[in-house]
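Here's the structure, in structure tokens; my notes come after.
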Amino acid sequence: MNKLQHILTKHPFSCIIVIATWILCFMNIPETPLSNVRFIDKWTHSLIYLVLGLSLSIEYIRTTKHPSPKFIIIWVWLLPILMGGLIEILQSNCTNGNRSGEWLDFFADAIGSTIALVIGILLVCYRAKA
């Protein structure tokens, strides 16, 4: 089984979230009644990365007999943060001003991933005791 097939079969929901994140981050967002909520875009960024991290954690724990905190740190925290940074760089340089890359968006991504990291490590520890 090659690596891509392994990732797609073991983490299908997470792959869908990653694809949806990339699409959402480059499409024009329409005005909604929630647009008036202060920092709604930052809350959205944090929520997306929290859901991604929790999805990765749960799918990993579900498919692994002896889950490792190292996996959680790399896949649930580090790689999503790097993805968020890359998205912000691409938004600021490749969207002709339609989307702007912001440090606060990157920070919000990191907050969501960090919360997912804490929950993921707690889940791994719980699974190890069970």
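Computed from the coordinates by the stated procedures, all read-outs in this text should not be read as laboratory data. The shown structure was predicted, so the numbers you read here are calculated from the model rather than taken from an experiment. Cβ sites come from the backbone with ideal geometry, for glycine too, and all protein chains shown count toward neighbours.
Give, as ranges by residue number, the residues of the stretch 11-46 whose backbone N falls under 19 Å from the point 7 Å along Cα→Cβ of residue 74.
Of the residues in the stretch 11-46, 11-12, 14-15 have backbone N under 19 Å from the label point off residue 74.
Quick one: 50, 34, fewest Cβ neighbours within 10 Å first, how do they rank?
34, 50
Find out how many positive minus negative residues lie around residue 42, taking Lys and Arg as positive, Asp and Glu as negative, among other residues whose Cβ is under 12 Å from that of residue 42.
Residues close to residue 42 contribute a combined charge of -3.
Between the helical axis of 103-129 and the dominant principal axis of the chain, each derived from Cα atoms, what acute angle in degrees is found, rounded to the nearest 10?
Helix 103-129 sits roughly 10 degrees off the main axis of the chain.
Measure nothing but the geometry: give the 0 to 90° angle between the long axis through the Cα atoms of 12-26 and the longest principal axis through the Cα atoms of the chain, rounded to 10°.
10
Angle check, please: helix 79-94 long axis (alpha carbons) against the longest principal axis of the chain (alpha carbons), in degrees 0 to 90, nearest 10.
The angle comes out at about 20 degrees.
Which entry in (i) 13, 40, 31, 13, 3, 0; (ii) 13, 43, 33, 10, 1; (iii) 13, 48, 34, 4, 0 matches P(r) over Cα pairs in 10 Å bins from 0, in percent derived from the coordinates of this structure?
Read-out taken from this structure: (i).
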